[in-house]
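A quick write-up on the structure given underneath.
Throughout, read-outs are computed from the coordinates displayed, never taken from laboratory work. Owing to the predicted nature of the structure, the values given are computational and were not obtained by experimental measurement. Methodologically, a virtual Cβ is constructed for each residue, glycine included, from the backbone with ideal geometry; neighbour enumeration extends over all protein chains shown.
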Amino acid sequence: MVSTPLAVSENSGLQYLPNVTPEAPSPNQHLMPLTARVNEHDHLEIGGCDVVTLVQQFGSPLYILDEETLRTACRQYRDAFRQHYPGESLVIYASKAWNCLAVCAIAASEGLGIDVVSAGELHTALTAGVDPSKIYVHGNNKSVDELKMAIAANVTIVADNWLELETLAQLESDGPIRIMLRLTPGIECHTHEYIRTGHLDSKFGFDPDQLESVFEFVSQHPNLNCIGLHAHIGSQIFELQPHQDLGGVMVQWLLKAAEYGLTIEELDIGGGLGIRYTESDDPPSIDQWAKVVCQAVAKACQERGIALPKLIAEPGRSLIGSACVTAYTMGSQKTIPSIRTYVTVDGGMSDNPRPITYQSLYRTVVANKMSAPMTETVAIAGKHCESGDILIKQAQLPSTTPGDILVVMGTGAYNYSMASNYNRLTRPAAVLVSQGEANVILQRETLADLIRHDCLPERLSQSTSE
Ligand code: LLP
């Protein structure tokens, strides 16, 4: 089969991507999955599978997840931490980016741990066979049931606030409960206002001025085994400085904990590395990010003469974001002279709520017209009853007709996991592609699924049948 690497194909409409060396591709710097090619039918191919054929076979819209890209990102994180950190390390996948059995299983098979934020995510990770000693439970309002479930599963709980600490101190357990403490470092970074979590006005974690009283409380409750400290400063971050600063700040906390007799074995510096959604995005590579984080923590420990803690990072977006594309079937078109042309797809804000929520930008290609010249500038509209349901405001496309297959790139993170049934659309299927094989990892919802939890009280069903 004749294949052209997408990133360098002029005909594909994608410009040559700077910062990307074929020998050491960092998936988060790519617009497309690493296996993306244009095949002899002028179709987009991912994981050795023709995208047009995949849509014919599995329906539309369709999430297409490239196993090689996901595994490459997992390995790059894991290997970079091993290479740059002189102590023990563990990368845990922030599964809120995309939590399902197959994705958890892939991350775990690459040696990664999993970060979960709810009973649902925990249940999925456990069912996927993830080792409980590598599962970390986050959340700023965990229910008592969620805490009990986490204790029973013997996973690590990242305590976020006083209520949670006090509850944990009273809950029964077979032995001391493994906890971490989440702290708010007060580090600003330039990302969307909604996804900043490290600054002081945050709903997450203990404020630094509560540090001493939290340490004191924990030291007085022997059923709490505080093994680590955690911080996460935000998401889709391109700067390296905030994470470098964070390493130093966290080592200071570690020293403070020692004053209270707490032996902190683990430092978890969160996630946050950004990905390239459009050509103008220029994120650092996974290796560059890991190096900065590792060196900052190692240096701060060495300067203070303290033993290196186990270093944990919990990336989400940069592990899976670039590994997936969403394929849609194009439908109606509307041209408003001198204003705009709308082209529609058979999904929208229900399968990708990021444009309407964060004004996020995406890039797109037409999978069955890869070398057609990009002659049109159009708005790509979803099919929801909402004017704001526009996936891309200004997309460069070839001339398209209904039935063409439009592909939106970079949809691996926070798309399926934030998907909804708005307007009672069924959630799309997802396929995992690898070396020409495609396996369904999420079945397309059916109309029956949509009403599975609906209840029709007897008296209403009588009145409708009359
Ligand atoms: N750790 C914690 C505690 C987090 O809250 C998050 C993300 C991560 C790790 C992973 O961050 P990442 O490596 O993915 O940047 N829905 C938003 C993103 C919300 C991020 C929430 N926390 C979006 O679609 O952009």
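See the values below:
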item: Considering residues of the range 263-281 that are surrounded by fewer than 20 Cβ atoms within 10 Å (Cβ to Cβ) and more than 18 Å from ILE312 (Cα to Cα) only, the residue nearest to the ligand (Cβ to nearest atom); result: ASP281
item: Qualifying residue in the range 409-422 (condition: loosely packed, with under 14 Cβ neighbours inside 10 Å and outside any loop (DSSP other than H, G, I, E, B)); result: no
item: Near pairs, Cβ below 6 angstrom, 6+ apart or cross-chain, from the range 158-175 (within 19 Å of HIS232 (Cα to Cα)) to any residue that is away from the ligand (no atom under 16 Å from the Cβ); result: ALA159/LEU165
item: Subset of the range 282-315 [within 13 Å of the ligand (Cβ to nearest atom) and of a type in the set (Asp, Glu)]; result: GLU314
item: Residue count, the range 331-380 (criterion: in contact (Cβ under 8 Å) with a residue 24 or more places away in the chain, part of a loop (DSSP other than H, G, I, E, B) and hydrophobic (A, V, I, L, M, F, W, C)); result: 6
item: Number of the exception - LYS256 against (1) among the basic types (Lys, Arg); (2) within 30 Å of TYR63 (Cα to Cα); (3) in contact with a Leu (Cβ under 9 Å, 6 or more places away or on another chain); result: (2)
item: The range 66-81, residues that are away from the ligand (no atom under 16 Å from the Cβ) and touching a residue at least 40 places away in the same chain (Cβ under 8 Å); result: ASP66, GLU67, GLU68, THR72
item: Condition check for LEU254: in a helix (DSSP H, G or I) and either crowded, with 19+ Cβ neighbours inside 10 Å or within 24 Å of the chain's Cα centre (by Cα) (or both); result: yes
item: Lone unmet requirement of (1) surrounded by 18 or more Cβ atoms within 10 Å (Cβ to Cβ); (2) under 30 Å from TYR85 (Cβ atoms) for VAL345; result: (2)
item: Which listed residue, of ILE264, ILE233, is hydrophobic (A, V, I, L, M, F, W, C) and more than 25 Å from LYS96 (Cα to Cα); result: ILE264
item: Cβ pairs under 8 Å, 6+ apart, first in the range 295-318 and within 13 Å of HIS232 (Cβ to Cβ), second among the polar types (S, T, N, Q) and in a strand (DSSP E or B); result: ILE312/SER89; ALA313/SER89
item: All positions within the range 115-144 that are assigned to a helix (DSSP H, G or I) and either closer than 19 Å to LYS96 by Cβ or of a type in the set (S, T, N, Q) (or both); result: ALA119, GLY120, GLU121, LEU122, HIS123, THR124, ALA125, LEU126, THR127, PRO132, SER133, LYS134
item: The range 82-105: number of residues that are within 11 Å of the ligand (Cβ to nearest atom) and assigned to a loop (DSSP other than H, G, I, E, B); result: 1
